[in-house]
Amino acid sequence: MLTDTTRAWLDSALTEAATGTSAWEPSFVAAGRHCGPAHADEVRTRLLRAAGAGPDTLTRLYHHGTAAERRAVLLALPALVTGPEALPLVEDALRTHDTTLLAAALGPYAATHLTPHAWRHAVLKCLFTAVPVTAVAGLAERAAGDTELARMLTDHAAERTAAGRPVPADLSRVLALTAPAEES
C-alpha cells in the first residue's frame, strides 16, 4: 500500500511523464526509492505507459538501467510496442542468467514476436535456470503440436537422467503440452 506522500510523488511523476518530454525519466530511475521494491515494477510500467515511451526510449532506459529498471521495460513492452522493434531487448534478457529478467522477457511480447527457434530455446532456458514455466506467456498455444520442442525436451530429460541429475518438474508439464491436438 502506498502512503499519501508516495501517492503524491507518483501522481506528480505520472503528470510529468504525460508531458511528452524526458523530464520524467529520473522518476523512472527513482521509483524503487520512492515506492519501495514491492511497487517498483508497477510504478515504472505506469510511467512508461503514461509517457507513451517508444522503442528508442525503451532501448535507452533498458541499456542504461539496473536489472529492476530493465525488468520494468520488458514488462511494459506489450502495452507500448506493437511490432518487433523491441525484440533485441527480449533477446538480450534471454542471454542473461538473471531469472527475474528471464521471466519478464517471456511475457506476451515474446509470445507474439519470438521466432519458434528462439522461443523453444527460451523455454529450455527456463528449465535450466528453474524459472517456472508459468512465466512463459502463451505456453500452451505455442507448445501445442511442437514436435521440435518435444524432441528438445526429451533430449534434455535423457541428458539429465544419464548424468544422474534430476529432471525439472516443469519439463513433463511442457512435454505434455507438445502433444498434437486430438481431432474430434
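The values are calculated or read from the model by the stated rules, or taken from the named source; none is laboratory data. None of the values given here were measured: they were computed from a predicted structure. Cβ atoms come from the backbone with ideal geometry, glycine included; neighbour counts cover every protein chain shown. Side chains are part of the model used for accessible areas, which takes the heavy atoms of the whole protein and leaves out ligands, DNA and RNA. Shrake-Rupley method; radii C 1.70, N 1.55, O 1.52, S 1.80 Å.
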| task | Report yes if some residue within region 78-88 is surrounded by 22 or more Cβ atoms within 10 Å (Cβ to Cβ), more than 18 Å from LEU177 (Cβ to Cβ) and among the hydrophobic types (A, V, I, L, M, F, W, C); otherwise report no. | result | yes
| task | Look at ALA17 and say whether it is hydrophobic (A, V, I, L, M, F, W, C), without any contact (Cβ under 8 Å) to a residue 40 or more places away in the chain, farther than 14 Å from VAL73 by Cα and open to solvent by less than 80 Å² (accessible area, probe 1.4 Å). | result | yes
| field | Single condition GLU159 does not satisfy, out of (1) over 23 Å from LEU75 (Cβ atoms); (2) within 25 Å of the chain's Cα centre (by Cα); (3) of a type in the set (D, E, K, R) | value | (2)
| note | Expected output for region 80-100 (first residue among the basic types (Lys, Arg), partner exposed (fewer than 14 other Cβ atoms within 10 Å of the Cβ) and in a helix (DSSP H, G or I), Cβ below 8 Å, 6+ apart or cross-chain) is none
